[in-house]
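Taking it in order: structure first as structure tokens, then the write-up.
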Amino acid sequence: MYRYDPYDQQIVDERVAQFRDQTRRYLAGELTDDEFRPLRLQNGLYVQRHAPMLRVAVPYGLMSSTQARTLAALARKYDKGYVHVSTRQNIQYNWPAIKDVPEMLAELAQVEMHAIQTSGACIRSITSDPFAGVIADEVIDPRPWTEILRQWSTLHPEFAFLPRKFKFAVNGAQNDRAVIQCHDIGLDLRRNAAGEIGFRVLVGGGLGRTPIIGEEISAFVPWQHILTYCEAILRVYNLHGRRDNLYKARIKILVKALGIEEFRRQVEEEWAHSKDGPRTLTEAEVARVSAYFTSPAYAELPATDAGLEAQRAANPAFNAWMKRNVLAHKVPGYAIVIVSLKNPSVAPGDITSDQFDLVADLADRYSFGELRTTHEQNMVLADVRQSDLFALWEVLRANGLATPTFGLLTDIISCPGGDFCALANAKSIPIALAIQARFDDLDYLHDLGDLELNISGCMNSCGHHHVGHIGILGVDKNGEEWYQVSLGGSQGNQTSLGKVIGRSFAAADVPDVISKIVDVFVAQRTAGERFIETVRRIGLDPFKLGVYGAAAPERK
Amino acid sequence: MPKIIKNGCVIDDAAQILVLDEGQAPEALNLPEGPVFIPLAVWQAHKNTLAGRAGLGVWLDSHESVEDLAEDLDSIGAVALNFPKFTDGRAYSGAALLRTRYGFKGEIRAIGDVMRDQFFFMQRCGFDVLQPKAGKYTDTQLEAALASFKDFSSPYQAAVDEASPLFRRAQRAA
Ligand code: SF4
């Protein structure tokens, strides 16, 4: 993985010093709340319902075991002994004290980590495929490119105060796992007919209040030009994005207002001035960064481990975990392991410091000392020998990290919601836990198959409910918490936005509603059909009938 | 006298920033003596008579486009770009365009909600005079604020102050 050179280290160290002084001036009354807010947000520090929240960047979800241990130790020292994996692959602390944050950042800097631009109206930390480098359908490894973009976007002097937040995602595989269609800029790595690397560029996607799927602004930007091209997009947005209305300030609104053709024309006009100039990316830089992402020293192993089949046959629980939480690796004899953070008694995405240390140890022992976070709020050990899977599973299971439900109904994506977040309309976590409690029969879950359920506590959509096969959104009705349910969303190559099925529900009714939806699916599915396919085939009406009865009332 | 920061020093500055009262037409011109920044609309109404006048600058609000001044830059000594709120970042692009696209060599001044926490970015984007609001900082605080110019030693990006990105500037060993 990428390691800091003295330049990277200096930038992060200087950022810590800068923020230490900003915090000092704030606590001394030299900076007002309004002045400090944007400065702290750009260092990942929110002030939440009960306490501040610190969001630490995990660039493209990749970290070393050393970094993991530091993150775990910080949670013990400055927080309540657990952290939360966010839907942008970052790590969140829910209870730090403002005065401690500079020290936390200093300790993070010692292991090449930071919280720069994990919030605020700037280019946010960039997400990518959690299976980069190890999955068979990968065309081009996105990690070097994402790291190059990380450096370009870090403290960019022109784009620190954009109209609104700005999110990038990068995909390099045949099947998009980075939700690139729902980002301000989505980059799709590809080769042209001549075999040269470049990017298909999508712009103006996003969830939130006005969910929109990104449009293609360029079918192919050669790699040399990707930084100048993105800079041109950002400049047009910085100058012309709306600043009069927070809800209309994202780039998607500008793209819609101008139309993609006119927006493209403005970007290309801007780009013409910088294209081929000194900001053009060099082969040497790409080679330098790529050298950090070479394959680890894989052993030569048979494609399938002889003992594994016997272990599976002898142990149904292990077999169930193998079926869901272990994915094929591109190298024979290896496997990709999902470390589940969806234990039904714990908030989705939460992990204790002890568990985190354990995963770090397992990474050292079984996976070349690296681990990953996913936007679905799990972790990944990406390079495990098949012959180690059983031993690994036993340890994970003993520590509540082997819930065998990856991609199933109870592998819920949930934002922190009303328990933590000051912006929430409603709680998310208790809804997730209630659904997990309702669907506790593993055989039944496995029979239902792939089914993604996402929950957001408000329109800001941090829980990605628009792209859940089933989406749940917390809404406020006269000061009470209600939940709106949508169906038919999906991420990936066939990204679609879910449609609301009708009037919303009280919290206590949500598990029943999900049961009714699932019942309709079970009654209607054809052999082997996945939930999302059934929804696409039969439409919403049968589900509305199942949920609301014959007189399906209109949405209120 | 208002203080400004220029060439890394805090100095007194006599320039006035002329603001049109509500309802005041730009055609009604009543220029004070001495150095002054006039609004874009006043400049556009009077540029024939004002061009080349000593001590004259033009200021733009954040929604106004530096492009509208591009043809006139030869006859203007200084341009000020207003930050109505420090979170309104349009003027960073405006200053960068003035320097790189339109080749403006005169003074580019940041006015309005100017905080020390922006100094580093402002200097990188081509501002060479920074004018925090009167009373924003004490003299001592303003002197201390000069340290903010040195917040970062070797930033990653190219900008107005440094034409090459770090990957061209430095030998970075893999
Ligand atoms: S979706 Fe709303 S409630 Fe949930 S974390 Fe985001 S802002 Fe908070």
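The values are calculated or read from the model by the stated rules, or taken from the named source; none is laboratory data. Quick caveat, the model's predicted, so the values are computed rather than measured. Here the Cβ is made from the backbone with ideal geometry for all residues, glycine too, and neighbour counts use every protein chain on show. Remember, those area values only see protein heavy atoms, side chains included, never the ligands or the DNA or RNA. Shrake-Rupley method; radii C 1.70, N 1.55, O 1.52, S 1.80 Å.
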Item to complete: Please verify whether segment A:415-426 includes one or more residues that are in a helix (DSSP H, G or I), near the ligand (Cβ under 8 Å from one of its atoms) and in the same structural domain as A:R525 (by TED's automatic domain parsing).
Response: yes
Item to complete: Filter segment B:82-141 for residues that are away from chain A (no Cβ under 13 Å) and part of a loop (DSSP other than H, G, I, E, B) and give the result.
Response: B:F104, B:K105, B:G106, B:D128, B:Q131, B:A134, B:G135
Fill in: Filter result for A:A422 (crowded, with 24+ Cβ neighbours inside 10 Å, among the aliphatic types (A, V, I, L, M) and either more than 18 Å from A:I338 (Cα to Cα) or in contact (Cβ under 8 Å) with a residue 40 or more places away in the chain (or both))
no
Discussion item. Restricting to segment A:461-479, name every residue that is more than 8 Å from the ligand (Cβ to nearest atom) and either outside any helix (DSSP H, G or I) or surrounded by fewer than 21 Cβ atoms within 10 Å (Cβ to Cβ) (or both).
Written reply: A:H464, A:G468, A:H469, A:I470, A:G471, A:I472, A:L473, A:V475, A:D476, A:K477, A:N478, A:G479
Worksheet item: Looking at (1) touching a residue at least 24 places away in the same chain (Cβ under 8 Å); (2) within 11 Å of chain B (Cβ to nearest Cβ); (3) of a type in the set (A, V, I, L, M), can you tell me which one A:A284 breaks?
Response: (1)
Fill in: Residue check, A:G492 farther than 30 Å from A:A51 by Cα and more than 13 Å from the ligand (Cβ to nearest atom)
yes
Practice prompt. Scan segment A:1-49 residue by residue and report those that are facing chain B (nearest Cβ under 8 Å), open to solvent by 40 Å² or more (accessible area, probe 1.4 Å) and not in a helix (DSSP H, G or I).
Written response: A:E30
Item to complete: Tell me which residues, restricted to segment A:162-183, are open to solvent by 10 Å² or more (accessible area, probe 1.4 Å) and within 14 Å of another protein chain (Cβ to nearest Cβ).
Response: A:P163, A:R164, A:K165
Worksheet item: Can A:C458 be described as closer than 17 Å to A:R55 by Cβ, near the ligand (Cβ under 10 Å from one of its atoms) and either away from every other protein chain (no Cβ under 14 Å) or in a helix (DSSP H, G or I) (or both)?
Response: no
Worksheet, complete the sentence: Within segment B:154-174, the count of residues that are under 24 Å from B:L98 (Cβ atoms), assigned to a loop (DSSP other than H, G, I, E, B) and within 7 Å of another protein chain (Cβ to nearest Cβ) comes to 7
Response to the item:
Picking from A:V111, A:V85, the residue that is of a type outside the set (D, E, K, R) and open to solvent by less than 10 Å² (accessible area, probe 1.4 Å) would be A:V85
Discussion item. Looking only at residues that are facing another protein chain (nearest Cβ under 8 Å) and exposed (fewer than 13 other Cβ atoms within 10 Å of the Cβ) in segment A:287-308, which one is nearest to the chain's Cα centre (by Cα)?
Written reply: A:A291
Discussion item. Residue pairs, Cβ under 9 Å, 6 or more apart or interchain, first in segment B:46-66 and farther than 27 Å from A:L239 by Cβ, second open to solvent by less than 20 Å² (accessible area, probe 1.4 Å). List them.
Written reply: B:G52/B:I76; B:G55/B:A15; B:G55/B:V36; B:G55/B:A78
Discussion item. Taking the criterion of being open to solvent by less than 30 Å² (accessible area, probe 1.4 Å) and within 16 Å of the ligand (Cβ to nearest atom), would at least one residue in segment A:391-400 satisfy it?
Written reply: no
Item to complete: For A:L445, state whether it is in a strand (DSSP E or B), more than 14 Å from chain B (Cβ to nearest Cβ) and away from the ligand (no atom under 16 Å from the Cβ).
Response: no
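Yes/no per residue for (1) surrounded by fewer than 18 Cβ atoms within 10 Å (Cβ to Cβ); (2) modelled with pLDDT under 95; (3) outside any helix (DSSP H, G or I); (4) more than 26 Å from the chain's Cα centre (by Cα):
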{"residue": "A:Q484", "(1), (2), (3), (4)": "no, no, yes, no"}
{"residue": "A:V510", "(1), (2), (3), (4)": "no, no, no, no"}
{"residue": "A:I517", "(1), (2), (3), (4)": "no, no, no, yes"}
{"residue": "A:A523", "(1), (2), (3), (4)": "yes, no, no, yes"}
{"residue": "A:I532", "(1), (2), (3), (4)": "no, no, no, no"}
{"residue": "A:V547", "(1), (2), (3), (4)": "no, no, no, yes"}
Fill in: Unique residue being modelled with pLDDT of 95 or more and either assigned to a loop (DSSP other than H, G, I, E, B) or closer than 30 Å to B:Y156 by Cβ (or both) when the list is B:V79, B:V19, B:V58
B:V79
Item to complete: Please specify each residue of segment A:258-281 satisfying the condition of being farther than 16 Å from A:L234 by Cα and open to solvent by 30 Å² or more (accessible area, probe 1.4 Å).
Response: A:E261, A:D276, A:P278
Item to complete: Tell me which of these A:W145 doesn't satisfy, since it passes every other one: (1) more than 14 Å from chain B (Cβ to nearest Cβ); (2) open to solvent by 10 Å² or more (accessible area, probe 1.4 Å).
Response: (1)
